[in-house]
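The values are calculated or read from the model by the stated rules, or taken from the named source; none is laboratory data. Small disclaimer: the values here were computed from a predicted structure and weren't measured. Cβ placement follows ideal geometry from the backbone for every residue including glycine, while neighbour counts extend to all protein chains displayed. Calculation scope for accessible area: heavy atoms of the full protein, side chains included, ligands and nucleic acids excluded. Shrake-Rupley method; radii C 1.70, N 1.55, O 1.52, S 1.80 Å.
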Amino acid sequence: MGRADAHAGVATRRLKLRALDDDDLTVLSAQLQDAIVPIGDMGYLAGENRFVMVVNRFVWEAGEVTAATAEQGDEAVYLRSNCGVRFDGVKEVRVRGLDLHDRAAILDLLAIRPAGGALLLEFAGDATVRLDVDRIDCRMEDIGDPWPTTRRPVHTFEGDDRTS
């Protein structure tokens with residue numbers, strides 16, 4: 001359902017996707033790129049074979065929107081949205097480069113990739129969550145209304161000063 005966002009003056013749709021194969025996962029991963037993920041908002045539900053997380057998703061598909069308030073001035077304005085993400089069929093979860101007990105830590109999701117019987121959630125700073133799975137079955141759904149931000153994610157390519 002579309003609606004006009006009062007803060008940014010743009011019509012947006014809540015995104016809802018499901019990935020069942022590598023191609024679907026590529027699309028879903030692109031939509032979640034640069035999501036901010038508090039470690040306290042992710043968890044493994046072993047009894048349900050499910051891994052879940054609530055992320056703060058950068059709404060790439062909205063592009064730059066028009067500022068509707070004086071606080072933003074001449075700065076470019078973008079959108080972020082809370083998004084629920086779940087992976088079904090998860091047999092085991094392993095982590096590298098992060099401490100799951102540090103519930104206040106914030107991660108920056110770069111990509112979700114298949115890796116021979118597993119899904120890798122790759123975060124900035126060389127942190128990874130590995131989900132051992134029987135199959136690809138991932139769902140994501142925006143929760144609530146998006147809000148404006150003047151911060152657009154920027155990536156520096158290794159070995160040079162280019163950004164994207």
Just for region 48-68: of the residues that are modelled with pLDDT of 95 or more and not in a strand (DSSP E or B), which one is nearest to LEU98 (Cα to Cα)?
ASN49
Being more than 20 Å from ASN56 (Cβ to Cβ) and open to solvent by 60 Å² or more (accessible area, probe 1.4 Å) is the filter here, so list the residues in region 100-135 that pass it.
HIS101, ARG113, PRO114, GLY116, ASP126, ARG130, ASP134, ARG135
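Among what's in region 18-33 and is among the hydrophobic types (A, V, I, L, M, F, W, C) and farther than 13 Å from PHE87 by Cβ, pick the residue that is least open to solvent (accessible area, probe 1.4 Å).
Filtering region 18-33 down to residues among the hydrophobic types (A, V, I, L, M, F, W, C) leaves 19-20, 25, 27-28, 30, 32.
Checking the rest, the ones that are also farther than 13 Å from PHE87 by Cβ come to 27, 30.
On the way: VAL27: 83, ALA30: 50 Å².
Looking at residues that are among the hydrophobic types (A, V, I, L, M, F, W, C) and farther than 13 Å from PHE87 by Cβ, I get ALA30.
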Search region 12-41 for residues that are free of Cβ contacts under 8 Å to residues at least 60 places away in the same chain and closer than 19 Å to TYR78 by Cα and pair each with any residue that is open to solvent by 30 Å² or more (accessible area, probe 1.4 Å) and small (Gly, Ala, Ser) when their beta-carbon atoms are under 9 Å apart and the residues are at least 6 apart or on different chains.
ARG13/GLY2
Can you tell which of LEU79, LEU45, LEU25, LEU98 is within 19 Å of the chain's Cα centre (by Cα) and at pLDDT 95 or above?
LEU25
